[in-house]
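The values are calculated or read from the model by the stated rules, or taken from the named source; none is laboratory data. The structure displayed is predicted, hence computed values, not measured ones. As a convention, Cβ positions derive from the backbone with ideal geometry for all residues, glycine included, and neighbour counts pool all protein chains shown.
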Amino acid sequence: MYLTPGVVAIMDFSLSEDHVRMRKLFKDFVKNEVEPIADKMDKEEYFPWEVIKKAGELGFLGAPFPEEYGGTGLGNVAYCLLNEEIAYASAAMCTIIGAHMGIAAHSIFAGNEEQKKKYLVPLTTGEKLGAFALTEPTAGSDAAGIKTKAVRKGDKFVINGTKIWITNGGVADIYVVYADLDKSENSRGGISSFIVEKNFSGFSVGTIEKHMGIRGSSTAELIFEDLEVPVENLLGVEGGGFAIAMKALDYGRMGLGAGCVGIATRCLHLSQDFANQRVQFGKPIIKQQAIQFKLAEMATKIEAARLMVYNCAWLADAGKKITKQSAMVKLFCSQVANECAYEAVQIHGGMGYMTDYPVERIYRDARITEIYEGTSEMQKLVIAMQLMRERRR
Ligand SMILES: Cc1cc2nc3c(=O)[nH]c(=O)nc-3n(C[C@H](O)[C@H](O)[C@H](O)COP(=O)(O)OP(=O)(O)OC[C@H]3O[C@@H](n4cnc5c(N)ncnc54)[C@H](O)[C@@H]3O)c2cc1C
């Protein structure tokens, strides 16, 4: 005990007993359900419906939400633990869950009581899958530049436009769609958020993309041709959609950062195991200081990344705004995941380039983390903007 008697420690980095228990449940679930199909998801672009259903039944998909909406009430720390454990086995599965729980469910959480009961509960229980549809062909980083238009006609909104690269697109049942209610061509103030069911008239799925990594996650184009949405499916107020999207992305980025910690940790473990058994120059390569230094750097970065994630989750659970912290988490953790994946391939040498070894998949999977839910450049802009605001206060 190094504290002066009478001084109370105010920093406590330990997890609560409930969180430790949850982490054990998540670990067992991942080992039994996710790990066995991770390779199949990549090689066959297999969509893991049965695993998502099981996660829902076990109550995992409601981790960050209050119990009255099917949640565990264990908050964002539990949500981050889940993401970390899942991404340890499969970044694709973490992507599916991230779009579902992170950005789709969090958008609906901004809705009214009736909307939450009708649409959030089936997401947290895993009965239905969610998706978040913001990006368009001409609006990626510049998300406020969307061209999808909504017009109110009686008791309906009619939406026309196209979304691209929507995770869970084509497989999801419930879509949070962002569209502009302002009639003028270049307006940005009318962006509004709508809950769309896949069987609504005027909704269709276009191209399903092929991608470098996270191949078990579906990424699709959505086409809206006079899509009819009942007025009661508007989330929040008319013109309030951009704020809902940005807040949902705060939570999504935090969860994504946790997933990156899982990816990086897997890279470290695989590298340690490989370096222990690979013999060159008469001894395991782990005996080489160059390899030890790589492992030490990976471990140090992972430790920093994990602390950032859990600090952000703790702030979120304390009801604080996390825009700056979640952007920092996304920026840093995605960098760490990619650096660790790079070094893992390097430590594996030629084996790391072969599709038989998981690091090859992880290297491809990690790449997307610096792009979706806002590129690294966009995270720097968000952080800088928040810094300037803080300085003005
Ligand atoms: C696999 C996958 C899944 C996705 N899932 C979803 C989803 O579920 N829902 C959804 O809505 N979207 C989704 N997206 C879209 C994703 O969020 C966008 O790809 C991302 O925001 C970047 O947009 P962009 O690809 O159009 O790049 P662009 O905006 O065209 O950017 C291209 C490059 O320019 C840089 N750049 C752009 N503007 C600036 C600037 N002002 N300053 C400095 N650099 C800049 C970017 O950082 C990037 O390096 C997904 C994308 C992929 C690939």
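If you take the residues in the range 153-167 that are farther than 14 Å from G241 by Cβ and within 16 Å of the ligand (Cβ to nearest atom), which one is surrounded by the most Cβ atoms within 10 Å (Cβ to Cβ)?
Once the filter is applied, the top-ranked residue is T167.
Output the residues belonging to the range 109-127 that are assigned to a helix (DSSP H, G or I) and within 22 Å of A258 (Cα to Cα).
The answer is F109, L123, T124.
Going by the structure shown, is V171 within 13 Å of the ligand (Cβ to nearest atom) and closer than 18 Å to I96 by Cα?
In short, yes.
Scan the range 205-238 for residues that are within 15 Å of the ligand (Cβ to nearest atom), surrounded by fewer than 20 Cβ atoms within 10 Å (Cβ to Cβ) and among the small types (G, A, S) and jot them down.
Once the filter is applied, which keeps residues that are within 15 Å of the ligand (Cβ to nearest atom), surrounded by fewer than 20 Cβ atoms within 10 Å (Cβ to Cβ) and among the small types (G, A, S), the range 205-238 yields only G206.
Among the candidates G190, G202, G241, which residue alone is crowded, with 16+ Cβ neighbours inside 10 Å and more than 16 Å from the ligand (Cβ to nearest atom)?
Every option except G190 fails the conditions.
Pairs needed: first member in the range 365-376, outside the structural domain of T95 (by TED's automatic domain parsing); second member anywhere, at pLDDT below 95 and more than 9 Å from the ligand (Cβ to nearest atom); C-beta distance under 7 Å; at least 6 residues apart or different chains.
none
Is it true that some residue in the range 45-56 is closer than 24 Å to R266 by Cα and among the hydroxyl-bearing types (S, T, Y)?
yes
Looking at (1) over 30 Å from I37 (Cβ atoms); (2) assigned to a helix (DSSP H, G or I), find the lone condition where V329 falls short.
Condition not satisfied by V329: (1).
What is the residue count in the range 136-152 for residues that are over 20 Å from S204 (Cβ atoms), away from the ligand (no atom under 11 Å from the Cβ) and of a type outside the set (A, V, I, L, M)?
Residues in the range 136-152 being over 20 Å from S204 (Cβ atoms), away from the ligand (no atom under 11 Å from the Cβ) and of a type outside the set (A, V, I, L, M): 1 in total.
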